[in-house]
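The values are calculated or read from the model by the stated rules, or taken from the named source; none is laboratory data. Here the structure is a predicted model, which is why all the values come from computation and not from measurement. Because the Cβ atoms are built from the backbone with ideal geometry, glycine has one as well, and the counts that use them run over all protein chains shown.
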Amino acid sequence: MKKYLDRRAYREQALKLLPWICARCAREFGSERLRELTVHHKDGNHDNNPPDGSNWELLCVYCHENEHARVEDAKAGSAPERKTAAATYRPLEDLAKLLKKKDKG
Ligand SMILES: [Zn+2]
Ligand SMILES: [Zn+2]
């Protein structure tokens with residue numbers, strides 16, 4: 001058993017641990033709309049996936065995009081370097097993949 005979860009596993013694990021509610025706008029999601037709920041990493045490190053869920057937050061795709069835009073804005077204002085893992089992560093790209101797959105378990 002691996003200590004850290006891979007990218008596919010952490011979403012399932014997060015959905016098991018956390019209520020299916022967007023942490024920003026408090027929208028609730030049922031199983032048919034669950035693909036619109038995405039896993040956000042609180043520390044911005046997508047490789048940091050503790051199985052207890054302490055680094056995860058469930059956000060709807062809209063709030064997730066806003067959250068990252070906000071972080072990008074903050075970075076643009078303060079730090080000169082913008083080439084981080086968070087900057088290249090695209091939650092909507094993941095969503096597109098999920099939509100194609102249509103929840104096969
Ligand atoms: Zn939301
Ligand atoms: Zn995120």
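List of remarks:
- The residues of segment 68-99 that are more than 16 Å from ligand 1 (Cβ to nearest atom), of a type in the set (Gly, Ala, Ser) and at pLDDT 60 or above, listed by number, are Ala74, Ala76, Gly77, Ser78, Ala96.
- Any hit, segment 8-21, residues being within 16 Å of ligand 1 (Cβ to nearest atom), at pLDDT 70 or above and part of a helix (DSSP H, G or I): yes
- With respect to (1) more than 19 Å from Leu95 (Cα to Cα); (2) touching a residue at least 24 places away in the same chain (Cβ under 8 Å), the lone exception for Ile21 is condition (1).
- Test: residue in segment 11-25 that is more than 16 Å from ligand 2 (Cβ to nearest atom) and closer than 17 Å to Lys97 by Cα: yes
- Restricting attention to segment 48-67 and to residues that are surrounded by 13 or more Cβ atoms within 10 Å (Cβ to Cβ) and more than 13 Å from ligand 1 (Cβ to nearest atom), the residue that is modelled with the lowest pLDDT turns out to be Pro51.
- Any hit, segment 28-45, residues being part of a loop (DSSP other than H, G, I, E, B), more than 12 Å from ligand 2 (Cβ to nearest atom) and either at pLDDT below 95 or in contact with a strand residue (DSSP E or B) (Cβ under 9 Å, 6 or more places away or on another chain) (or both): yes
- Boolean, Glu12 is surrounded by fewer than 15 Cβ atoms within 10 Å (Cβ to Cβ) and among the charged types (D, E, K, R): yes
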